[in-house]
Structure formats: structure tokens, C-alpha cells
Amino acid sequence: MNEVANNDETKCGFVAIVGRPNVGKSTLLNKILGQKISITSKKPQTTRHQIIGIKTIDTVQCIYVDTPGMHKPNPKAINRYMNRAASSAIKDVDVVVFIVDRTAWTEEDDIVLQNISQQKAPVILAVNKVDQVKDKSILLPQLQLLSSKYTFEDMVPISALDGHNVEALEKSISRFLPSSIHFYPEDQVTDRSERFLAAELVREKVMRQLGDEVPYSIAVEIEEFKPEGNLLTISALILVERQGQKKIVIGNKGEQLKIIGRDARLDMERVFGSKVMLNLWVKVKSGWADNERALRSLGFDDV
């Protein structure tokens, strides 16, 4: 891990972004960083891994940890993995940002709060999607209700999508960061590899195009990642659990797969800053989402 020179004013710390599924955690991280490193869709549980995003401004370095949404216990191995990943992220961080959705409070929010209450890190409550609340007068009583649930260090109404008040949230976070050397170079944005980002971008497009038909039964494996000059050749394998899902992903005469490939390629070219030749295949791998060994082979082993 690279370090920069120490001084008395330098601050650096880990910040866990936690919340129930589909509350805007990945959208917030991407907005803070000013670029996409964490995939998003309207489907809950899109994020499966801990994603680290790094932002360095002058003497302050925030190392954000985007986590899978904490949800009700589920017997499937992949769900157990996601809950473990989310819970482990808050154990050793300096600050926790707990995101909730406007005026909605659910049983899964209670699960998140229960996990948070067992930790010692200061907790900032980010009330997301306030831009969608037409009657602003209902926000104050909601904030008062939320403040009665836990002793939050700060409460910040935000819109992660359009960036409203996100800068205020960042300032609040920086107040609680410890004095420390920076752990990463100032121009580094994530600790994830380009291969990982490529796989996630393909998976995002499948989730967005086919979220209702194959919600969580897909995984993506990068088989080739080959840069040559200004051309990056990427070959990706989309894994599904059943033959019927394979037909859905490919679509009539391959049209669906072409759309997924086109959208993923355009995002990759923006992220990697080069031309991309993307080759996609679809393969049936029965039961991968409930097989610990299969999950480890697909990179679900970092907790």
C-alpha cells in the first residue's frame, strides 16, 4: 500500500456506506467520486461485493466502502455472502454513513441499525431522495423520528442522484476522520482491478435490461483482458443457472445480447479511456449462486 508524506494536518480514514438494498449506496459513492466504480440498477441487491472508492482532496483522504444491502436472512449462499460482506465492512471503519430512504422505514432498516449499534464508530445518517419529497414540511417530523432511534453524530438530507447536499455530507464525514498519513496515492480512485470493473459493468447491463427475468441468477467471468495500444480486447462469460435464462439473455436472434454488449462497451470505453472490443458468451452453470466453491471461483471470497 503506497503512502504519502505525513504532516500534522493530514487526515485519512475508512468510511462504510451502509443501508438496506436499493437505497442509493452505490449511486452516492459514484457521485462522491465523480465517476462510476460501483454498478447501479433499480433492482435491490445489485451490489454483491465490498467496493472501495478513494477520494483525496488536499490533506484529507476518504476511503469509502460501498457494501451490499443488508437484508433478511436467506438460505442461499450468495445472500449469506452479501450479508457477511456488509456486516464485516463496519467493524473496523472510522465513520459509518447509514443511508435511509426519505420517509420510509422498513424491517431491513432495523436490521442495519442493529448491526450499527454494535459498533463504536460515529454514525452519520444520510436521508436520501429528499428531492422526491414534494411536501417538505413532512421532512422535519421524519428527521425527529429518525433521531429518536439512535444517537447519530449528524443527520444530512441528500439526493445521491443529483448531488444535492452531498458536499455537506462529505464535510461532515471529514470531521470524524483521524489524523493519519494517506494510505493511497492521491490519484487512485479504487483498489479494484480493471478486470473486476469490466465484469461488473457487464453485470449491470444485464440487471438493467433483464432485472425482472433473471434478477440474481447471473454472474460474469472475464476470460480475456488484453490491451494492445489504444485497443482493449475483453472476453466475458455470462453465467446463468438455467437454460431458459440463457435464451432470455441472448434474446431473439441474439438481439438482447447485442444491446447488453453495446451498452457495456460504451461504459468501458469511458471508464478505461480506450477503444474496447467486447466479446460476450452465455453459459449455463446450474446452482452457482448456492454453491460456496463456485462462489469462491467467481471472486466471492473477500470476507
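Quick note: the coordinates plus some simple rules give every number you see, no bench work behind them. The model shown is predicted, which means the values in this text are computed figures rather than measured ones. Cβ: placed from backbone, ideal geometry, glycine included. Neighbour counts: every protein chain shown.
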**Prompt:** Sorted by packing (mean other beta-carbon atoms within 10 Å per residue), highest first, where do 17-30, 169-182 land?
**Reply:** 17-30, 169-182
**Prompt:** What are the residues whose amide H is under 5 Å from the amide H of V276, where those residues sit 5 or more places off or on another chain and H is modelled from the backbone?
**Reply:** L232
**Asked** Debye sum, Cα scatterers, the stretch 153-234, no solvent: what log₁₀ I/I(0) at q = 0.17, 0.21, 0.26 1/Å?
**Response** -0.99, -1.03, -1.17
**Prompt:** If all Cα-Cα distances of the stretch 124-196 are sorted into 10 Å bins from 0 onward, what percent lands in each bin, rounded to whole numbers?
**Reply:** 15, 35, 31, 15, 4
**Prompt:** Using θ = phi - 60° and the Karplus form 6.51 cos²θ - 1.76 cosθ + 1.60, what ³J(HN,Hα) does each residue of the stretch 254-271 get, whole Hz, x for Gly and Pro?
**Reply:** x, 5, 5, 5, 5, 5, 4, x, 4, 5, 5, 4, 4, 5, 4, 5, 5, 6
**Prompt:** Mind ordering 230-240, 141-151, 158-168 by average Cβ neighbours within 10 Å, highest first?
**Reply:** 230-240, 158-168, 141-151
**Prompt:** Taking H as built 1.01 Å from N, whose amide H comes closer than 5 Å to the amide H of T190, not counting residues under 5 places away?
**Reply:** I54
**Fill in**
Beyond 21 Å (Cα-Cα) in this structure, taken from K36/K275; K11/K36; K25/K283; K55/K149, we find K11/K36; K25/K283; K55/K149
**Request:** In whole Hz, with x marking every Gly and Pro, tabulate ³J(HN,Hα) for the stretch 221-227 from phi via Karplus 6.51 cos²θ - 1.76 cosθ + 1.60, θ = phi - 60°.
**Result:** 10, 8, 9, 9, 9, 10, x
